[in-house]
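The values are calculated or read from the model by the stated rules, or taken from the named source; none is laboratory data. In this text the structure is predicted, and so the values were computed from the model without any measurement. Because the Cβ atoms are built from the backbone with ideal geometry, glycine has one as well, and the counts that use them run over all protein chains shown. Side chains are part of the model used for accessible areas, which takes the heavy atoms of the whole protein and leaves out ligands, DNA and RNA. Shrake-Rupley method; radii C 1.70, N 1.55, O 1.52, S 1.80 Å.
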Amino acid sequence: ASGSGTARADAITTGGQFEQRWRAARKDPSAEWAVLESVQPAQLPKIFRLNLATELMVEIVHAAGQAEGKSEAAAERLEALAKVPRFSMVVAFMATGEKQTILDAFARLGGEGVAQERLDALKKAYCV
């Protein structure tokens, strides 16, 4: 997070780059959110166009739900993530506990002021 000149050079453009940075941040909600927030929403379907693992998707949703004071930015990224190719297959493989993690994250976003209609659309997209 130094000057703006380095931000572009460090931009995440592939799923592999995202996963590498995500693993480095794993289990630290603020660090995970920093990785997610560094990617513009419109880039997410491009970054994950080849592959998005169900486990990673659930971790991303969980991190977005932990982003206090950033609920609009979090919702934008979750909406964009749902546009990943074959997203319906990604959510089809969720276990019950993973679905609960997603519902919990959506509930936190609701508590942070995300509109109910928007949450309903996210729930439909994520099949929860």
Legend entry - Matching option when the condition is at pLDDT below 95 and aliphatic (A, V, I, L, M), among Ala42, Ala75, Ala24, Ala11: Ala11
Inset, instruction - Can you tell me which residue among Ala1, Ala80 is modelled with pLDDT under 95 and either outside any loop (DSSP other than H, G, I, E, B) or loosely packed, with under 12 Cβ neighbours inside 10 Å (or both)? - result: Ala1
Inset, instruction - Pick out the one residue from Ala125, Ala73 that is surrounded by fewer than 16 Cβ atoms within 10 Å (Cβ to Cβ) and among the small types (Gly, Ala, Ser). - result: Ala73
Inset, instruction - Mind listing whichever residues of the stretch 38-52 are closer than 13 Å to Ala11 by Cβ, in a loop (DSSP other than H, G, I, E, B) and open to solvent by 30 Å² or more (accessible area, probe 1.4 Å)? - result: Ser38, Gln40
